[in-house]
2 protein chains.
Amino acid sequence: MEKHSLKTIAKKLGISVATVSKALNDYNDISAVTKQRVKDLAQELNFIPDSVAKSLRAKQSKIIGFIAPDLMHHFYFNVLSGVLKVAQEKGYFVVVASSEDVMDNEIRHLRSFENKRVDGILLALSDNTLEYSHVNRVVQNEIPLVLYDKVSKTVKCSKVVINDRKAAQLATQHLIDLGCKKIAEVRGYFNALTAIDRFIGYKNALRENGMTYNRKIVFDGNGPSINDGMQVADRIFEQKNEIDGVICHNDLLAIGIIIRLNELGVKIPEEIAILGFSDSPYTKISQPSLTTVKQNGHEIGLKACEILIEEIEAKVNKKSFKTKTIEIPIELIIRKSTHKPIN
Amino acid sequence: MEKHSLKTIAKKLGISVATVSKALNDYNDISAVTKQRVKDLAQELNFIPDSVAKSLRAKQSKIIGFIAPDLMHHFYFNVLSGVLKVAQEKGYFVVVASSEDVMDNEIRHLRSFENKRVDGILLALSDNTLEYSHVNRVVQNEIPLVLYDKVSKTVKCSKVVINDRKAAQLATQHLIDLGCKKIAEVRGYFNALTAIDRFIGYKNALRENGMTYNRKIVFDGNGPSINDGMQVADRIFEQKNEIDGVICHNDLLAIGIIIRLNELGVKIPEEIAILGFSDSPYTKISQPSLTTVKQNGHEIGLKACEILIEEIEAKVNKKSFKTKTIEIPIELIIRKSTHKPIN
DNA sequence: TTGTACGCGTTATCAT
DNA sequence: ATGATAACGCGTACAA
């Protein structure tokens, strides 16, 4: 099967390329007869216009670049599903890349997106990105950009975020309401962009309830995995008497803690209540099932992609566009790992 | 920041566009001085060649289309990660789409890939695809195509597959070796392309060990989820005395069964041993942890993408390419759900 | 109503 | 060593 172009059709019909183009695009200065002849032949030849050529002319690739720090993480999958939904509706393609939480990868992907002439970029910063010149470069080059989830205030672009401070405060308050008096906090990556806000939320909740902050029961995990959680659990176990609740920045970490504390014979939630972040599907399988702060990834993806396309279309139509920041509400999902009777 | 092209540079330097192009591409008929001047200015202007124009000229988009039936499924994520790895190394972009196991979506995505002029397509058929004309169309249009995982023999293209028959046989043999005498089988979707082969493998193992096949303990789940598994568990419980082992076509299904049997007080693996398919991360969290047939998704992605790019480059160089089918080995990962002493 | 001519940004060919 | 020109496939201002 050969490839056809406007030229093929024009030749076969003995008319000009321009006429064919106009006919196919339903210009109203083309006779109905010609239109029909052209369309019939196009149909018959199974003609599909070359979108590369279109892109070159229109200076629009109809491609969106999507970067997540870790595609294996269920949350980012949810984000992607939201992005795909909107992109598809609006006729955009999504090119997917993962930074693996490595800044160099992030830089490389951004560069290749630039020279692929993507129309816009969706990015969640890697936890190991500590400097933003490569991101600012994108903004300077006037490529529409929306940061989601992992965000930096220093970058002037639209953002779709979770209010991590509020989320952590809500979570901590939940444990306090259950009667926990000695609440520990466990982070994943030390530098995680979300870590500080969650920490503040945690401390706010303590203060508002007249509880004192104890730095000895704030732990840094080596990473966000189950194994990291199991290691932290050993440290928690050493201070077992100083802890009756744990706010954990990540579901897997929390599940690792649960698994290890189970092994050590600590009763959850009776002796120690555990709470995670994300609402990953693992939460239901864990025994006991894990209470968690649900971050609606799908919703984040939807919104981020909507805003991005808005900005892209504004740019095409040379309209002005003002950057916006949207906050996606979180939700506390209570399961058995915090289901203890109020004492 | 304005966009620059070869023309901009040529003008600023008072030389021709052709020379600039050659200089940047290190042609050896350009003087070292000129090359340097051009490269310096390009650097300074932050010039990035327009890959859309390149594509138009080279008739190559450097884009690969990827379709999975269900991106939420961990297995396909693994496949995607393998695909991304190879694609990135070879300088290809990957556009991602999900058919959600709906044939119409599959058709739509294939069509839009065609007119996006992707260089090649990776596809796993949806479980609800029962007719393949849309796939054959792709082959007829001479767009390189590799089917992976969910495959149809009637489509003439390269394939990367798991030997499901062998896998199921291996799994069943494992239970037999443990002393199971009454092994049940549980499927997910009724029509799943993999279901028949697994069923045959299951029966082969029984026959080779002189065991009789009992159709009453072959169950069809309504779907592949934990909840579906829990429902099946109730049916298994009713025939508790007729069953001492379960081969399950899907990890989540298996975990659902485990959760429900735990609730019903059935001892796993002592009374009933359970075995799943996929090696999803859930297997480790399940209590007891789940023995499973590992399908190396990452490896499938790597191979599929390699073959696809091979075919693409062969086509570009007008070399012939012969379609091939590769089988990715499976591996039995033994965990506690089948860890019973041999009796 | 239709056709001519040009430009989008590259690169390959052929002159100079 | 460098440059002029054509071509990839499309859309559109302008001329006919």
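Okay, here's what the table says:
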| item | result |
| --- | --- |
| Computed over chain B: relative contact order in percent, which uses C-alpha pairs under 8 Å that are six or more apart | 17 percent |
| GluC sites (Glu not before Pro) lying in DSSP loop within region A:187-276, provided at most 16 other Cβ fall within 10 Å | A:Glu270, A:Glu271 |
| For B:280-286, mean number of other protein chain Cβ atoms within 10 Å | 5 |
| Compactness of region A:103-187, expressed as Rg and Dmax over alpha-carbon positions, Å | 17.5, 56 |
| Peptide-level mean, for B:96-102, of C-beta atoms on other protein chains within 10 Å | 3 |
| Those aspartates and glutamates that a straight Cα-Cα span of less than 14 Å connects to B:Lys166, excepting residues fewer than 8 apart in one chain | B:Asp197, B:Glu208, B:Glu327, B:Glu331 |
| Prolate/oblate/rounded call for region A:164-294, Cα gyration tensor, a/c under 1.5 rounded | rounded |
| Cut-off under 5 Å, modelled amide H: who pairs with B:Lys62 long-range | B:Asp119 |
| Using alpha carbons only: equivalent-ellipsoid semi-axes of region B:6-49, gyration tensor based, whole Å | 14, 11, 9 |
| Note, ³J(HN,Hα) from phi for region B:142-153, Karplus 6.51, -1.76, 1.60, rounded to Hz, x at Gly and Pro | 6, 9, x, 9, 10, 8, 10, 6, 8, 10, 10, 5 |
| Descending principal axes extents, region A:1-138, alpha-carbon based, whole Å | 62, 31, 28 |
| Selection from B:Asn136, A:Val186, B:Ser152 lying farthest towards where the dipole of the protein assembly as shown points positive, charges on Cβ | B:Asn136 |
| Exceeding the 21 Å Cα-Cα cut-off - candidates A:Lys182/A:Lys216; B:Lys85/B:Lys319; B:Lys159/B:Lys294; A:Lys116/B:Lys116; A:Lys156/B:Lys85 | B:Lys85/B:Lys319; A:Lys156/B:Lys85 |
| Segments A:200-207, A:300-307 sorted - mean Cβ within 10 Å per residue, highest first | A:300-307, A:200-207 |
| Hydrodynamic radius (Kirkwood) for chain B, which is based on Cα pairs only, to one decimal in Å | 22.8 Å |
| Ranked list, fewest to most other Cβ atoms within 10 Å of each Cβ, for A:Phe321, A:Phe199 | A:Phe321, A:Phe199 |
| Ratio Rg/Rh [Cα only; Rh per Kirkwood] for region A:237-343 | 1.24 |
| B:Val246 long-range amide H proximity, modeled H, under 5 Å | B:Ala184, B:Ala273, B:Ile274, B:Leu275 |
| In order through region B:194-207: 3J(HN,Hα) via Karplus (6.51 cos²θ - 1.76 cosθ + 1.60), integer Hz, x for Gly, Pro | 7, 4, 5, 4, 5, 4, 4, x, 4, 5, 4, 4, 4, 4 |
| Interchain or long-range residues, amide H under 5 Å from B:Lys324's placed H | B:Ser158, B:Lys159 |
| Ascending list, in nanometres, of distances separating the B:Val316 label from those of the other copies (7 Å, Cα toward Cβ) | 2.8 |
| Copies compared at B:Asp26 - label distances in nm, ascending, label defined 7 Å from Cα in the Cβ direction | 5.1 |
| Helix B:103-115 vs. chain B, principal-axis angle (Cα, 0 to 90°, nearest 10) | 20 degrees |
| Prolate/oblate/rounded call for region B:64-151, Cα gyration tensor, a/c under 1.5 rounded | oblate |
| Cα-based radius of gyration of the protein assembly as shown once divided by 2.2 N^0.38 Å, which approximates compact folds | 1.09 |
| The protein assembly as shown, dipole about Cα centre (Lys/Arg Cβ +1, Asp/Glu Cβ -1), debye to the nearest 20 | 2300 debye |
| Label distances, nm, A:Lys54 versus same residue in remaining copies, Cβ-directed 7 Å point | 2.3 |
| Estimated dipole of chain B in Debye, rounded to 20 [Cβ of Lys and Arg +1, of Asp and Glu -1, Cα centre] | 1240 debye |
| Aspartates and glutamates whose Cα lies under 20 Å from that of B:Lys12, excluding same-chain neighbours fewer than 8 positions away | B:Glu2, B:Asp26, B:Asp40, B:Glu44, B:Asp50 |
| Relative contact order (%) - region B:6-49, alpha-carbon pairs under 8 angstrom, separation at least six | 34 percent |
| Using θ = phi - 60° and Karplus 6.51 cos²θ - 1.76 cosθ + 1.60, couplings along region B:320-336 (whole Hz; Gly, Pro as x) | 7, 9, 9, 3, 9, 10, 10, 10, 8, x, 9, 8, 8, 10, 8, 10, 6 |
| Estimated 222 nm signal from helices in chain A, with DSSP H stretches of n ≥ 4 weighted -39500 (n - 2.57), rounded to 500 | -14000 deg cm²/dmol |
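Read-outs: derived from the displayed coordinates by stated rules, not from any lab. What you are looking at is a predicted structure, and each value in this text was computed from that prediction instead of being measured. Cβ coordinates were reconstructed from backbone atoms using ideal geometry, including for glycine residues, and neighbour counts include every protein chain displayed.
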